[in-house]
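The values are calculated or read from the model by the stated rules, or taken from the named source; none is laboratory data. Quick caveat, the model's predicted, so the values are computed rather than measured. Here the Cβ positions follow ideal geometry from the backbone for every residue, glycine too, while neighbour counts run over all protein chains shown.
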Amino acid sequence: MRRIALFLISLCLAIPAMAADPAKAERKEVFGDVTVHYSTFASTFLQPDIAKATDLVRSKNQGVLNVAILKEGKPKTAAVSGMVRDLTGRSQSLKFKQVTEQGSVYYLAQYKVDLQETVTFTVNVQTEGGTPNTFSFQQEVFPGE
């Protein structure tokens, strides 16, 4: 499980180089003392054993959104929800699952990728006792090979 955490954390740090939103090279949002790091990638980037351990589907038509929340620099649990919308306005809800291992907490959701396009993600995050926070970002997505 430690390997999974290291892999997903490294994706959070590495994927911004491929981001479609050049104004925000670092994929994070700050809400007071809460920092939300996020990244999205094709599920085919996952090794089969990591996909199985996190109960994710590896498919050329599936993407993964990874969200990690820090409060005062420490991992925090939160209620995380969201949606992804294409340019025609079609949207799909994101169902996040919490993964906790060795002091790390992150949230994963899968979404369908039928064709190359730019989509808008909207993510809602609320830490326990905190105020709800929402942010959006755009990402160009591609079906895998």
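Brief remarks follow.
- Among residues of region 66-103 being over 18 Å from Phe31 (Cβ atoms) and among the hydrophobic types (A, V, I, L, M, F, W, C), the one that is surrounded by the most Cβ atoms within 10 Å (Cβ to Cβ) is Val84.
- Just one residue in the set Thr118, Thr100, Thr77 is at pLDDT 95 or above, farther than 15 Å from Val141 by Cα and not aromatic (Phe, Trp, Tyr); that residue is Thr77.
- With respect to the conditions (1) modelled with pLDDT of 95 or more; (2) surrounded by fewer than 17 Cβ atoms within 10 Å (Cβ to Cβ); (3) not β-branched (Val, Ile, Thr), Glu128 falls short on a single one, namely (1).
- Of all residues in region 39-63, those being of a type outside the set (Asp, Glu) and within 13 Å of Gln98 (Cα to Cα) number 3.
- Taken over region 28-78, residues that are part of a helix (DSSP H, G or I) and not aliphatic (A, V, I, L, M) amount to 6.
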